[in-house]
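Worksheet: the structure to be examined is printed underneath.
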Amino acid sequence: MATDNRREQLLDVIKREFIGPDPLDFPELCQKNGEEVLSSDPPHIRYAAGILFPQGAMPSDADAVKEETDNVRDELEQEEGASEEEGDEKTVGRSELLQEEEEVLNLSNAFRQSAISLTIAVRPTQKILADISAGVYERITLTDSKTDKRYQRYPRRSLRWNNEGNLIELPGKDQKQKEYKIVENNKETHLCFVITYRYLDLKSEKLIYTFTLRNSKQLRPDEAIRDEDCFFQVFFSLKSDEGFPCLPDSQKININDEDYQSNLLLYRDVKNYVIGHGCSGDWVEHNGRVTEIHTEIFPSYEIKPIIPTTIPGVSLEMYKMSDTGDFDAAIRELEELCERYRIWVEELKKDSFKLNASYQCTAERHIRACFACHRRMSDGVQLLKNNLNVRKAFQYMNRAMLLQQLHYNLPLQMWEDNGDGELQLIKQYSQIPEIGDKTTWYGDIGRYGKWRPFQLAFILINLKSMADRDCEERKHVDLIWFPTGGGKTEAYLGLSAYTIFIRKLMKSSDSGTAIIMRYTLRLLTAQQYERASSMICACELIRKEKEAELGSSRITIGLWVGGDNTPNKMADAVDAYESLKRGGNEENPFIMLKCPWCGAQMGVVPMKNRNIRHLPGYRKIVARRKEIVFQCKNDQCSFSRDDFNLPLLVVDEAIYNNPPTLLLGTVDKFAMLPFLPEAQKLFGIYPEGRRGSPDLIIQDELHLISGPLGSMVGHYETMIHELCTIRENEKEYTPKVIASTATISRAKEQCNALYNCGRDRVNQFPAAGLNAGDSFFAVEDKTGVGRRYIGILAAGSSSYATTTIRLYATLLYAAKALGVDTEDDRDPYWTNVGYFNSLRELGQTATWISADIEEYLHTIYKRRYEDKNEGYKDNRRYIYRYEELTSRVRGDKIPANLQNLGIRYPCKERGKRPVDICLATNMISVGVDVPRLGLMTVTGQPKTTAEYIQATSRVGRSSESPGIVFTTYHPGKPRDKSHYEQFRSYHAKVYCHVEPTSVTPFSAPLRERALHAVLIGLVRLLGKSETYNDPKKIDARELSRLFGIIKNRVEAIDPEELDNTSQYLEEIVSQWKDQLPQKYHDFRAESAVPLMYPAGTMPNIDWDGRGMETPTSMRSVDAACEVYVLKTSYTPEED
């Protein structure tokens, strides 16, 4: 496509549907001057936004507009009926008494609004022109000459006013208001333009005015609204050649907040020029000045992409940096990278001297962080030159990451039964990729084999800390802060591969868990497991090739997420396998549906002539005991041999017996540690003593570890940190902690509360410079195609439900109606990803898909008379497929649903259709990467800005699929309306609005809920096999030591809670001794008294109140409220 205007076409269809006008090229529906004529739908039903109602209009009045037409569509009558059933709409009473200066703004905020307003700043002598436009519809009654049947038409008439080109007179402090009556053909129109003086900002000497377009028609109490008394498609603009000044900045109370000061510096050039009331506002810049400010009913803003920096002479090729490449040339490139970064920081330092004095302190802090980053990068390069093990590990890592890219991106190859009970592979490529032969690489070979500068720089700064346990930087938390889709996962996967190899090179016999990756959502965990599996397969092949120096112990990956998703016991896995094979169960607990190395299908393949199924990729081994392993069925795959299967573990029992090199788990699973003493092996603890410990802990999507969940995670981190700690020769060795996020505020405080690292040991990478759009490693592409956001607030709609139904139906129609060169060009906008803040809202929309949305889609076609076209039924849009990505979906279905999202339009595979609508909650907000998706609908402003950024970043991740996001705002919710009215200023600095996170790991509710779990978990997992199952064997000296560990952490993080925590620890031990428990835990409420039982379960009445209720999930923070039936009877109250 020469000029890609697909998003403009989508927005145009939406505006024509909701705001109008929408003239149709059809007899009697278009006037000679091009103005539209509405036929079946009165204007107040046809349009839902950009309407000024008469003053005093009540919802009941609007719904009571008398219909004198006999052919108003049944669908629209049902729509009106649906709005009456909602019952949750609020209205502004007619009798409300207002102060004169505020009355206009309240008309803008009324349910049936009578005004729209803009508040702007003006210089004292500024000259301003105004331009106003609106649409007026007149109802006329006609008679059909053939049937004598009367019917209505609503021709549109344009109304324009610009004060005859004269300047607008602004009122002063004494006059307060100035009103212009809009006259048409020497007749008043009830449309008024009002200018209100607000105040003088003394600091900037700017005058603040509110400009209002108002419908002054006043309804009598018993008078119904007439369409002729409403104004549609209202708009006004203000112009000034000298340029409008920006609005004064609001000041934050806590001005010492480092994040706030950083944002002031980084976004100092991003200004706001307007605040809307009842509408949104926008502005036009010309030659560096804002010369026009205007209203926007459906505001739009495009957030430009952040793209990797291109550094001349630095290719950052993985192959060149691998053990098969030219490493001397690679070192020269890495030194050049460091030198270019140093020069950039030096330039920052020079530029900082030109800044306003208020920014100097913050700029110095940023520059210090940049120089520290440069020093660590340079140290990493020197280590590569001087340390052979580090060099080898780095080279092997580069080879593994290139192999991971080549194999992870291979397409799914399906198996098919040939009718004789044998499987044949439907190949999607001719040859498995060879690292040294680019002709074997699949697809666009340009996307493979190159690091983004920040990814490689991040690995360089951590080379030393992963190779040297005594390194001071090992105690630091390094936080990757980079926009969504920027490549954070690749950065920490690369560091993981390096960690695996440096550990093997230093001790080839090592076979324990080296890395723990933790996620918060099961969707993200399952998807990242698939991606990391390709990297682990590459590492394992390199280990096999270099077995003499890397040892014979396999490099493996384990998925540790809980029994609801994967089996806890191998016997359960065998039962699940056999049930799947005979067709007795549809639930697949083995997660993997595609070989991470060759792309061959794994899982259920039906046999054509038998009732049983093939299960390629899953293999049952019958030896001393039955077990399930992953073994690719494709004989061309390196992991298809009996003696060399896929290095994947998903069964908990197998994970404990053979701890994986890389362990992926949800944070919730770690709450189970007090119940799982056998999990001590994951931390290198064995009955005979220590065999090591994890070297690296990775917490992805750190912004989600906040609030109650974050506090719980921080609480349990006391136990996890101790389990990972080795003490030798009076030294303490702990794992390196890496975190990543795209959206966070007050990260230093959060990381300290979680990991007890100290605020000064939290390093954000890349370090911030002086401007938000430039960190050296990546820059804002101001000319590139970004993600476009559209705000939808339909104040004239009969209900919010109606707005949602109409928007979904119109987007379905619009994708099919796009004017494109090929059908393939429709694909990015064929699937509408609907994002919801709650399951309740999502469930409601799900019920509308097959009824209301489908019905309204049919209405659109009929209204536009497209049902009269030849081949209409074959060419129109239908809803064939709808998917969900929510907690309501079974865990084994999530990977399949994700694969379905990748089906393109038009689908070239027989029997497959692309998804029309995908409804999702915050499950989709992190980790989902489906490049074809370009369209999202967000229902209501999400609860946090971080959630908004993360969720909407799921679309528009490919240059071929420019993203567009429609956010619907509820007219009755003040927070929604505030975001709508300040749409552009909010989106222009969206990362500034990320809310600070709160983590309080030792607060009273958490102590009471889980402190005993931490203590018991430490006792059990640090204990011997003969003691960790016997709660009666309590070592007083060990308890005293553990008390000290917990108290030291509390004192470092939240010293005010130290005394209460100490007291509560004593109470726990006292209760432990007094209750005389017979076992540590009980899941079945048997007669033996346990020390713990799962929270949320009913304790055995015979326990007589003994046993401690213990969380099994990090999300079990707030205690449940239990209802008891009072057995006493009621008695009358005496007078």
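Quick notes on this structure:
- Count of residues meeting criterion [closer than 15 Å to Leu682 by Cβ and over 26 Å from the mean Cα position of the chain (by Cα)] in region 558-572: 1
- Options Lys187, Lys217; residue that is crowded, with 18+ Cβ neighbours inside 10 Å and among the basic types (Lys, Arg): Lys217
- Of the listed requirements (1) over 35 Å from the mean Cα position of the chain (by Cα); (2) under 28 Å from Tyr1028 (Cβ atoms), Asp642 misses just one: (2).
- Every residue from region 174-192 that is under 47 Å from the mean Cα position of the chain (by Cα) and farther than 13 Å from Thr212 by Cα: Lys176, His190
- So Thr661, is it of a type in the set (Val, Ile, Thr) and either modelled with pLDDT of 95 or more or not assigned by TED's automatic domain parsing to the domain that holds His721 (or both): yes
- Residues of region 210-268 that are touching a Lys or Arg at 6+ places or on another chain (Cβ under 7 Å) and outside any loop (DSSP other than H, G, I, E, B): Thr210, Asp227, Glu228, Asp229, Asp259, Tyr260.
- From the options Gly834, Gly911, residue that is out of contact with any strand residue (DSSP E or B) (no Cβ under 8 Å at 6 or more places or on another chain) and either without any contact (Cβ under 8 Å) to a residue 24 or more places away in the chain or crowded, with 21+ Cβ neighbours inside 10 Å (or both): Gly911
- One residue alone among Ala814, Ala851 is assigned to a helix (DSSP H, G or I) and without any contact (Cβ under 8 Å) to a residue 60 or more places away in the chain, and that residue is Ala851.
- Members of region 159-171 that are surrounded by 14 or more Cβ atoms within 10 Å (Cβ to Cβ) and in a strand (DSSP E or B): Leu159, Trp161
- Test: residue in region 215-228 that is farther than 30 Å from Leu38 by Cα, in the same structural domain as Tyr154 (by TED's automatic domain parsing) and either under 40 Å from the mean Cα position of the chain (by Cα) or among the basic types (Lys, Arg) (or both): no
- Count of region 727-778 residues which are of a type outside the set (Ser, Thr, Tyr) and closer than 18 Å to His374 by Cα: 15
- Check on Phe639, surrounded by 17 or more Cβ atoms within 10 Å (Cβ to Cβ), touching a residue at least 24 places away in the same chain (Cβ under 8 Å) and in a loop (DSSP other than H, G, I, E, B): yes
- Pick from region 963-1006, criterion among the basic types (Lys, Arg) and assigned to a loop (DSSP other than H, G, I, E, B), ranking: farthest from Arg759 (Cα to Cα): Lys973
- Within region 578-614, if we keep just the residues that are crowded, with 21+ Cβ neighbours inside 10 Å and over 32 Å from the mean Cα position of the chain (by Cα), the residue that is farthest from Gln404 (Cα to Cα) turns out to be Leu580.
- When restricted to residues that are small (Gly, Ala, Ser) and touching a Gly at 6+ places or on another chain (Cβ under 9 Å), region 244-300 contains 3.
- Residue check, Tyr197 among the aromatic types (Phe, Trp, Tyr) and in a strand (DSSP E or B): yes
- Just one of the listed residues (Asp892, Asp916) is in contact with a strand residue (DSSP E or B) (Cβ under 8 Å, 6 or more places away or on another chain), surrounded by 14 or more Cβ atoms within 10 Å (Cβ to Cβ) and charged (D, E, K, R), and it is Asp916.
- When Ile621, Ile591, Ile655 are checked against the criterion of being in a strand (DSSP E or B) and either under 19 Å from Ala576 (Cβ atoms) or basic (Lys, Arg) (or both), Ile621 stands alone in meeting it.
- Taken residue by residue, region 754-773 has no member that is in a helix (DSSP H, G or I) and either among the small types (Gly, Ala, Ser) or touching a Ser or Thr at 6+ places or on another chain (Cβ under 8 Å) (or both).
- Of the set (1) among the acidic types (Asp, Glu); (2) in contact with a Lys or Arg (Cβ under 7 Å, 6 or more places away or on another chain); (3) buried (at least 19 other Cβ atoms within 10 Å of the Cβ), all apply to Asp929 but (3).
- Any hit, region 310-318, residues being buried (at least 17 other Cβ atoms within 10 Å of the Cβ) and part of a helix (DSSP H, G or I): yes
- With respect to the conditions (1) more than 27 Å from Asn1029 (Cα to Cα); (2) not in a strand (DSSP E or B), Phe670 falls short on a single one, namely (1).
- Sole exception among (1) more than 30 Å from Glu285 (Cβ to Cβ); (2) surrounded by fewer than 20 Cβ atoms within 10 Å (Cβ to Cβ); (3) of a type outside the set (Phe, Trp, Tyr) for Cys230, by number: (2)
- Residues in region 133-151 that are surrounded by fewer than 20 Cβ atoms within 10 Å (Cβ to Cβ) and either assigned to a loop (DSSP other than H, G, I, E, B) or in contact (Cβ under 8 Å) with a residue 40 or more places away in the chain (or both): Ser133, Glu138, Arg139, Thr141, Asp144, Ser145, Lys146, Thr147, Asp148, Lys149, Arg150, Tyr151.
- Residues within region 732-753 that are assigned to a helix (DSSP H, G or I), of a type in the set (Gly, Ala, Ser) and touching a Gly at 6+ places or on another chain (Cβ under 8 Å), tallied: 1
- Filtered residues of region 700-756 (kept if touching a strand residue (DSSP E or B) at 6+ places or on another chain (Cβ under 6 Å) and of a type in the set (A, V, I, L, M, F, W, C)): Leu702, Ile726, Val737, Ile738, Ala739, Ala747, Cys751
- Yes/no for Leu812 being closer than 27 Å to Val926 by Cα, of a type outside the set (Val, Ile, Thr), out of contact with any strand residue (DSSP E or B) (no Cβ under 6 Å at 6 or more places or on another chain) and at pLDDT below 95: no
The values are calculated or read from the model by the stated rules, or taken from the named source; none is laboratory data. Given the structure is predicted, the values throughout are model-derived calculations rather than measurements. Using ideal geometry, Cβ is built from the backbone for each residue, glycine included, and neighbour counts are taken over all protein chains shown.
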